[in-house]
Amino acid sequence: MPAKRKAVKKPKPQVVLALDVSSSCTGYAVLRSGRWRLSKASCGQIKPPKMPMGAKLVWLRDELERLIKKVKPTRIIIEDVFRGRSISTLKLLARFNGVVIELSRRLLGKEPMLAQAISVRKYLNCGTRKEQAFSFICDKYHLDWRFDKNDITDAICLGLYASKDFK
């Protein structure tokens, strides 16, 4: 009698949603396992209209919830705030990051990864400044973007960093 072969389970596809959160423009990138490639369709910007802080937090939460439900990430990574900024900027970014942390916990059942952009850029060896990282990403992925897409730059770097465990 021939021996039974064990069924080989396919690994679950991994989807990383990387966010460079801010109060004026949140850059995002979506990377999928098996093809960690980027295109203009896999990243973008979320720009809230002018409104009071509380309304802007609610607006961002609603927009991010739609994005999360659309791309169905298995992992979310956000840029962690760092102490080099002013206290008021630090407090503002912490509020917006709190929105993402709550959404990740509620919709994915887990906390998002946190990483500082400068550390991620060093890890990827693409320079320490956002402009250097932007050039690196455009060259690597053959993107013909202008630097006005710099809100997406750190999101892409964060996504590449978060996807390192899946290679």
query: Scanning for something in a helix (DSSP H, G or I) and acidic (Asp, Glu), does the stretch 56-64 turn up at least one residue?
result: yes
message: Can you find, within the stretch 88-126, the residue that is nearest to the chain's Cα centre (by Cα) among those that are touching a residue at least 60 places away in the same chain (Cβ under 8 Å) and farther than 17 Å from Glu65 by Cα?
response: Ala117
message: Yes or no: the stretch 72-80 includes at least one residue that is within 29 Å of Lys56 (Cα to Cα), hydroxyl-bearing (Ser, Thr, Tyr), surrounded by 15 or more Cβ atoms within 10 Å (Cβ to Cβ) and modelled with pLDDT of 95 or more.
response: no
task: Give the stretch 58-87 a look and list any residue that's polar (S, T, N, Q) and in contact (Cβ under 8 Å) with a residue 24 or more places away in the chain, or say none.
output: Thr74
message: If a residue must be among the β-branched types (Val, Ile, Thr), assigned to a helix (DSSP H, G or I) and out of contact with any Asp or Glu (no Cβ under 9 Å at 6 or more places or on another chain), how many such residues does the stretch 78-111 contain?
response: 4
query: Restricting the stretch 112-125 to residues that are modelled with pLDDT under 95 and part of a loop (DSSP other than H, G, I, E, B), which is surrounded by the fewest Cβ atoms within 10 Å (Cβ to Cβ)?
result: Asn125
- prompt: Name the residues in the stretch 140-155 that are farther than 15 Å from Met113 by Cβ and either crowded, with 20+ Cβ neighbours inside 10 Å or modelled with pLDDT of 85 or more (or both), would you?
  reply: Asp151, Ile152, Thr153
- request: Sort out which residues of the stretch 47-85 are within 12 Å of the chain's Cα centre (by Cα) and farther than 20 Å from Tyr161 by Cα, and write them in order of number.
  value: Leu64, Leu67
- prompt: Given the conditions (1) among the basic types (Lys, Arg); (2) within 15 Å of Gly27 (Cα to Cα); (3) in contact (Cβ under 8 Å) with a residue 24 or more places away in the chain, which single one is not true for Arg146?
  reply: (3)
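The values are calculated or read from the model by the stated rules, or taken from the named source; none is laboratory data. Being a predicted model, the structure only gives us computed values, none of them experimental. Using ideal geometry, Cβ is built from the backbone for each residue, glycine included, and neighbour counts are taken over all protein chains shown.
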